[in-house]
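Visitor: Before I ask anything, here is the structure I am working with.
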Amino acid sequence: QVQLVESGGGLVQPGGSLILSCAASGSIGSIHFTGWYRQAPEKQREMVASINGRGRNDYGDSVKGRFTISRDYAGNTLYLQMTGLKPEDTAVYYCRMMVSGVDYWGQGTQVTVSS
């Protein structure tokens, strides 16, 4: 069993920055995929950024050039650096990891962009 705990969310003004963290603990075997997703009220969950098993980064069109995903392989921590935040980035952000073929999700952290 793997537990994912996100942190770093909060209230930020438009144009501001935040860094989200996702700490993985438990029986961590081979991590095939890691990613950040978000879900705004009354909208479907969408992929924000991901790192596949070959280390390739991918980003949603709406965040390209503003968000950066990275991973601390030694500590099994996933990060999402967010800059140039916009009100439309407001959502609950979820961490996702596929470990030894099993899909795990964190509980989510709220990001609110508002003046």
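Visitor: Return the residue satisfying two criteria in turn: it lies in region 60-102 and is modelled with pLDDT under 95 and more than 14 Å from the chain's Cα centre (by Cα), and of such residues it is surrounded by the fewest Cβ atoms within 10 Å (Cβ to Cβ).
Guide: 74
Visitor: Can you tell me which of 24, 91 is touching a Lys or Arg at 6+ places or on another chain (Cβ under 8 Å) and among the small types (Gly, Ala, Ser)? So that I can check it myself, show each step before the final result.
Guide: Numbers: 24 fails: touching a Lys or Arg at 6+ places or on another chain (Cβ under 8 Å).
After ruling out the rest, the residue left standing is 91.
Visitor: Filter region 30-50 for residues that are modelled with pLDDT under 95 and surrounded by 11 or more Cβ atoms within 10 Å (Cβ to Cβ); which is nearest to residue 82 (Cα to Cα)?
Guide: Among those residues, the one meeting the criterion is 34.
Visitor: Taking interchain pairs and intrachain pairs at least six residues apart, which have beta carbon atoms under 9 angstrom, with the first residue in region 1-19 and among the small types (Gly, Ala, Ser) and the second open to solvent by 70 Å² or more (accessible area, probe 1.4 Å) and at pLDDT 95 or above?
Guide: Once the first residue is among the small types (Gly, Ala, Ser) and sits in region 1-19, its partners that are open to solvent by 70 Å² or more (accessible area, probe 1.4 Å) and at pLDDT 95 or above give 8/19; 8/79; 9/110; 10/110; 15/86; 17/81.
Visitor: Continuing with the same structure: Restricting to region 103-115, and then to whatever is part of a loop (DSSP other than H, G, I, E, B) and among the hydroxyl-bearing types (Ser, Thr, Tyr), can you tell me which residue is most open to solvent (accessible area, probe 1.4 Å)?
Guide: Restricting attention to region 103-115, the residues satisfying the condition of being part of a loop (DSSP other than H, G, I, E, B) are 106-108, 114-115.
Filter once more, keeping what is among the hydroxyl-bearing types (Ser, Thr, Tyr): 114-115.
Details: 114: 58, 115: 130 Å².
Taking the candidates together, the pick is 115.
The values are calculated or read from the model by the stated rules, or taken from the named source; none is laboratory data. For clarity, every value in this text was computed on a predicted model and none was experimentally measured. Glycine also receives a Cβ, built like all others from the backbone with ideal geometry; neighbour counts cover every protein chain displayed. Surface accessibility is based on the protein's heavy atoms, side chains included, excluding ligands, DNA and RNA. Shrake-Rupley method; radii C 1.70, N 1.55, O 1.52, S 1.80 Å.
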